[in-house]
Amino acid sequence: MPASLRRFPVVVLLALAACGDDPAPRSAAPSSAPEAAPAPAARPADAGATARPDAPAPAPAPAARARLTPEQLAALATREVPGFRRTSQRSGKSNAVVTFEGTTANARGFRPTVQVIVEHCMFCAKLDVAAWRANEHLKRTLSTVHLENPALVFEVDALDLGGRTGIGVYKESFVATKNATGTTRSSAHGLQAWFNDGTHQAMLEVSARGPALPDSLEAVRESMSRAEMEAAARAVFAAFADVF
């Protein structure tokens, strides 16, 4: 899934997410998502064995869940979230992308901004914390200046999404660089929350919007806490939880 003081573009990681031909911008697909183990070979029947006439018929395989249609995705893009206002929406053949902003600022004057993408699964990774932590492609949302910051905080953990357990990816970094014209400051702060059921996936990008740009790591941390970001992710996910 402290705060950044501006909106961050969402980069959807296709190795961890469903693919799409629609609105959200995407990076090249990573190839490190965990793969399922191959099924064991079928065991040959014993010589001369015959099926018992009274043996129960095998249970039918469960039917595959239908994917959301473009019309259903368009309807998803119009949903409301209590305590938030919808600031943008769009949908296509395989996904819906909606941005929400909190209507109430916290004590420091910052509001949570949440962009949620609901999409068809293509290469959705199982929600296994160890496998996600091992996936270095998750850091592709960070610029070089933050990747090289020795004080970078980048944590991957299980995340409670209100009765569902997803994956939370938290980032926190501030870098000030002096040059001939002055000092350049850059911050990266936010939470990604991921959930999928093998048919559909949700990715929520949480950041903060406030009255001023940060001038220190302390200012980044004090703007909005990780707990506040997680609460915002839960609130927005609840409006889409019936998809899963």
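The values are calculated or read from the model by the stated rules, or taken from the named source; none is laboratory data. The model shown is predicted, which means the values in this text are computed figures rather than measured ones. No Cβ is skipped: glycine too gets one built from the backbone with ideal geometry, and neighbour counts run over all protein chains shown. Remember, those area values only see protein heavy atoms, side chains included, never the ligands or the DNA or RNA. Shrake-Rupley method; radii C 1.70, N 1.55, O 1.52, S 1.80 Å.
Decide, for the stretch 150-242, between rounded, prolate and oblate: order the square roots of the alpha carbon gyration tensor eigenvalues as a ≥ b ≥ c, take rounded if a/c falls under 1.5, and otherwise choose prolate if a/b is larger than b/c, else oblate. Write down the numbers at each step before the final one.
Working: a/c = 2.89, a/b = 2.38, b/c = 1.22.
Note, shape of the stretch 150-242 comes out prolate.
How many nm separate the modelled label positions at ALA105 and ALA241, each set 7 Å beyond the Cα in the direction of the Cβ?
Each label point lies 7 Å from its Cα, and together they span 3.1 nm.
Rank by packing, highest mean first: peptides 219-227, 164-172, with packing defined as the count of other Cβ atoms within 10 Å averaged across residues.
Result, highest mean Cβ count within 10 Å first: 164-172, 219-227.
Run the simple label-point estimate for ALA227 and SER88 please: 7 Å along Cα→C-beta, distance reported in nm.
Once both label points are built, they end up 3.2 nm from each other.
Stretched out fully, how many nm does the piece from GLU80 to ALA158 gain, at 0.36 nm a residue minus the Cα gap? Display every interim value, and only then the final one.
Values: separation 78, 0.36 × 78 = 28.08 nm, distance 2.60 nm.
That pair, GLU80 and ALA158, stretches by 25.5 nm at full extension.
Between THR69 and ALA130, how many nm apart are label points set 7 Å from Cα along the C-beta direction?
In this crude label model, THR69 to ALA130 measures out at 4.3 nm.
Label point 7 Å out from THR177 along Cα-to-Cβ: which residues of the stretch 129-147 have amide N under 20 Å?
Of the residues in the stretch 129-147, 139-147 have backbone N under 20 Å from the label point off THR177.
Quick check for you: with a 1.4 Å probe and neighbouring chains kept, what is the accessible area per residue of the stretch 196-242, in Å²? Don't skip to the answer; put the middle values down first.
Numbers: 1800 Å² over 47 residues.
I get 38 Å² per residue for this part.
How do the peptides 106-113, 76-83 rank, highest first, by the average count of neighbouring beta carbon atoms within 10 Å per residue?
On the way: 106-113: 17.6, 76-83: 14.9.
So the order, starting with the most tightly packed, is 106-113, 76-83.
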